[in-house]
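See below for the structure under consideration.
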Amino acid sequence: MSDSIGAADTSCEAVIAAADFPVFVVTTRAGAETSGCLVGFTAQVSIYPLRFLVGLSKRNHTHGVAARAERLNVHLLGSDRLALATLFGSETGDEVDKFARCAWHPGPDGLPVLDEAAGWFGGAILERHDFGDHTAVLLAPDTGAAPPADVSTLRFHMVEHLEPGHDA
Ligand SMILES: Cc1cc2nc3c(=O)[nH]c(=O)nc-3n(C[C@H](O)[C@H](O)[C@H](O)COP(=O)(O)O)c2cc1C
């Protein structure tokens, strides 16, 4: 185990990769425009009140729509939903209409709810923070549908081979 300063970035990346975090698909809507992408930068950051943070790359189509949106939906995918993860993680709304290629229905405020999701929640955007190449979006979850208790979730090691639609 290295503890040199020069190894800090590599160590951090290796530790995070080894944690094998779950990945989600976020969707959003501003006016008539919908967007969504695969995200790994997420965390619950408070219990009371319930708060959830999502990191959105500034290069993503989703970032532009989310900047004008009032809400985000966060979808948990089962481990058998690699095709859906590939659609949202390797294609960009700058070039394709992802929502013409998957099953969804409008949820609260018209935001897309993905029919293949194992579970999802939606929340109002409370704050946005510029943390570098990503903007952290703070949500107050207030709606959604719970996944089955025995859900097997899609995790980082299952999607790390995907080529992102945009470089971070
Ligand atoms: C494993 C993996 C994790 C990703 N995590 C994030 C993330 O946390 N935040 C983000 O904004 N993009 C993330 N991406 C990249 C976007 O999902 C990808 O660039 C997508 O094509 C952007 O779509 P859009 O331009 O329609 O928004 C990730 C991609 C992969 C493959």
Among the residues listed as ARG59, ARG29, the single one being at negative phi, in contact (Cβ under 8 Å) with a residue 12 or more places away in the chain, assigned to a loop (DSSP other than H, G, I, E, B) and basic (Lys, Arg): ARG59
Boolean, ALA83 is of a type in the set (A, V, I, L, M, F, W, C) and outside any strand (DSSP E or B): yes
Strands (runs of 3 or more DSSP E) (entirely within the stretch 94-168) containing at least 1 residues that are aromatic (Phe, Trp, Tyr): 104-106, 119-130
Yes/no for VAL45 being more than 6 Å from the ligand (Cβ to nearest atom), modelled with pLDDT of 95 or more, farther than 13 Å from ILE125 by Cβ and touching a Leu at 6+ places or on another chain (Cβ under 6 Å): yes
Check on VAL96, at pLDDT 95 or above, under 13 Å from the mean Cα position of the chain (by Cα) and under 16 Å from SER35 (Cβ atoms): no
Some residue of the stretch 5-19 being touching a Gly at 6+ places or on another chain (Cβ under 8 Å) and either outside any helix (DSSP H, G or I) or surrounded by fewer than 19 Cβ atoms within 10 Å (Cβ to Cβ) (or both): no
Verdict on SER4 being at pLDDT below 95 and more than 13 Å from the ligand (Cβ to nearest atom): yes
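The values are calculated or read from the model by the stated rules, or taken from the named source; none is laboratory data. Bear in mind the structure is a predicted one, so any value in this text is a computation, not a measurement. In this analysis, Cβ positions are derived from the backbone assuming ideal geometry, glycine residues included, and neighbour counts consider all displayed protein chains.
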